[in-house]
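Only one structure is covered here, and it is reproduced in the block below.
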Amino acid sequence: MDRNEKTYLSIEELLSIPTISGLNISEDGINVAFVKNTADWEDNTYRNHIWIYEKNKGVCYAFTTNGVEGTCPLWSPDSKHIAYLRSVGDGDKKNQIFVESIDGDGRVQMTDEIEGVSQFKWDPTGKGFYYVTQSRESEEIKKRSKTYGDFHHVGREYKNDCLWYVELKDSTRLDENVPYQLTDGRDFHIHEFNISHNGEKVVLMATASPDGEGGQNGELYILDRQSGELQKLSGDKLLGGNVCFSPHGNKICYSASIREKEYYKTHIMDSTLEIYDLMSGQRIQPLIDFDRTVTPICWTAKGILLMWQDKTNYLIGLLTEDGKLNMLSETTECCIMEASMTRDGNHLSYLKAAPNETFEVYLDNEKITNENGLFEGKLKSNREIISWNSSDNLEIEGVLTTPIDVDWNKKYPLLVFIHGGPAWASFPIHSSCFNEKYPVESFIEKGFIVLEPNYRGSSGYGNDFLMANYRNLGISDYQDVISGVDALVDRGIADKDRVGVMGWSQGGFISAFCSTYSDRFKATSVGGGITNWITNYVNTDLPSFIRMHVGNTPWNDKEIFAKSSPMTYIQSACTPTLIQHGEKDARVPVSNAYELYKGLRDMGVDTELVTFKGMGYSSEKPGIHRAIMKQNLMWFSHYILGESMDGFRVL
């Protein structure tokens, strides 16, 4: 095909790139299961299908078909059966555990929980399943509702996630699978759990409630399966990530903060790996000098499989018994987002994207999928890492996306796309799961270049870089962004008079700040962004996030909250601003969008507010994401390239 006949991926094609997750390798190292999430445009929904790769046959195929969907596939300990979650029921469907043999025969539904199953694991003996489901409404609440009507005591009444067990019987009848409860749901909400290899102990990471604030009070517990005794493990660190048993069941590992809990009430969290010896009660942090946050995946006979981010790369490695961390990635330039390893440590599967590619599944370092085939016959942008110094001389990196045949002597209109988080980053890869709102390939086709800055506070750059964002939200973020713009202008590749900025969540906040604080941008798009830190503090489901970054409450330090808020600078706003927001966003409530919209309108600034019904941070409808992308494409094409806005309101 001639170069001039090729096109970039359309918005629909970008959103049709499958998102792969739920990777799991069988214990014999022969088969791999994973989930492909794809857009069903006809029904305007996303479909989850389990795929299986059989090494002996050299084939990769869809295991769930004909209207059956599935997520979270897990191989049985003997590698002969696969269990997964499937949404069933009338009306409001809920996830239940199903199990069947690899040849697809004898499908058995194991649970019928009213609230569904949120997570589960095989009993290491293969005799049943441990699973988590929401506690049922108490008889007291039912009686109260019948007498007075429905109401809720905020901060007092919760439906906690509890641990249950169900035995796998030699039967296809659901009514013969009798589950029983292992933990009380009144003051015990389970976040993560794991089972020792011999099945004698269960480790639980739990809080008193599912309240986001309760996450700062997580504790570890050990459940003895024979006696039923639940023992709390003493400790004073913030906990996170997976929790794993050692092969002999005498130690556990997990992610934990470096300092004590109290410190993080008003400071950004830094974390590392922690190992707890169940016999001695000793806790050690073997990677305290490793300036990256690590997440344990599993503990094998050859060591602990870990994942960590190193700038714009995600890597995996094994921490051996002698304390040495051996990298398992073939290269240091890649993005590995999931990994699964056999207990003997002999076989490994992972999900990896190389630079300028999308994710593929690998088994023992051999690629077993071909998702990048979607780009065949298409033009594809080029993504590279650049760096510059911010106003305080802090080095900032970012991803610069250009046409494959970029003319470095030409000045291009520039769009700045800011990632959320802030403890996240932009990566030089193609992935719909990382970006479902901004059509980068369409921007390139229109003639733009795109910069994605990894501003201070982004993950993967070490604790000092993380802490550089502490009590610096807003103005320092702006300086990191605008210094990147200036660097490209100085290189002669960007036109300083044709620059736009966009982002969602934390990226939306920074975009809103750019819109009100500066006149450097010709157009802005604010997606799900905080516009007033004080009002967001009292409405968000996670005020602890704000205290960690701002260092205080608005009642004790109004000045820092005002200094960091885009609304403080609304009187100087002059940038045409598109505001997009999920109607049901709990983290950044939609009131933020209305406040910015009203302020801009009062200042006479061109603005549009679009709220998406039923949507939180993201949508379950690909059509909504298509509308978000098309609105952004039209907005920047109009205000920077001068194209028509006809049809904007009838997308």
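Derivation of every value follows stated rules applied to the coordinates shown; laboratory data play no part. In this text the structure is predicted, and so the values were computed from the model without any measurement. Cβ sites come from the backbone with ideal geometry, for glycine too, and all protein chains shown count toward neighbours.
On the basis of the beta-carbon distance and an R0 of 25 Å, Asp211 and Ser87 show a calculated FRET efficiency of 0.45. Net charge in the neighbourhood of Met615 (other residues with Cβ under 9 Å of its Cβ; Lys, Arg +1, Asp, Glu -1) is 0.
Placing a label point 7 Å from the Cα of Arg259 along the Cα-to-Cβ direction, the residues of the range 223-247 with a backbone N closer than 17 Å are 236-239.
Counting every C-alpha pair in the range 381-650, the share spaced more than 35 angstrom apart comes to 9%. If the segment from Arg649 to Arg107 were pulled out straight at 0.36 nm per residue, it would be longer than the present Cα-Cα gap by 190.4 nm. Considering the range 559-616 at the alpha-carbon level, its Rg and Dmax are found to be 12.1, 35 Å. A simple spin-label model places the labels of Ile288 and Ser227 3.2 nm from each other, with each point 7 Å out along Cα-to-Cβ. The ellipsoid equivalent to the alpha-carbon distribution of the chain has semi-axes of 41, 29, 26 angstrom, derived from the gyration tensor eigenvalues as √(5λ) and listed largest first. Approximating the spin labels as points 7 Å out from Cα along Cα→Cβ, the Glu219-to-Ala301 distance works out to 3.7 nm. For the range 247-261, backbone phi angles converted through the Karplus equation (6.51, -1.76, 1.60; θ = phi - 60°) give residue-by-residue couplings of x, 8, x, 9, 9, 10, 9, 5, 8, 9, 5, 6, 9, 6, 3 Hz, Gly and Pro being listed as x.
Adding -39500 (n - 2.57) for every DSSP H run of four residues or longer, then dividing by how many residues the chain holds, sets the calculated 222 nm ellipticity at -5000 deg cm²/dmol. Between amide H atoms placed 1.01 Å from N, distances below 5 Å from Thr64 occur with Ile50, all of them 5 or more places distant or on a separate chain. Couplings 3J(HN,Hα) of the range 195-211, computed from phi: 10, 5, 4, 8, x, 7, 9, 10, 9, 10, 10, 9, 10, 6, 7, x, 3 Hz, in residue order, whole Hz [Karplus 6.51 cos²θ - 1.76 cosθ + 1.60, θ = phi - 60°; x for Gly and Pro]. In plain terms, the residue of Val108, Val59 with the fewest other Cβ atoms within 10 Å comes first and the most crowded comes last, giving Val59, Val108.
Each of Phe427, Gly647, Asn389 was placed along the dipole of the range 381-650 (beta-carbon charges, centred on the mean Cα), and the one lying farthest toward the positive end is Gly647.
Computed from Cα positions, the angle between helix 622-641 and the longest principal axis of the chain comes to roughly 20 degrees. Taking the C-alpha atoms only, the angle from helix 475-490 to the longest principal axis of the chain is near 60 degrees.
As a calculated quantity, the FRET efficiency between Arg520 and Asp40 at R0 = 45 Å, using C-beta atoms, amounts to about 0.60.
Fully extending the segment from His153 to Lys169, taken as 0.36 nm per residue of separation minus the present Cα-Cα distance, adds 1.6 nm. For the pair Asp464 and Ser591, a Förster radius of 41 Å applied to the C-beta separation gives a FRET efficiency near 0.75, rounded to the nearest 0.05.
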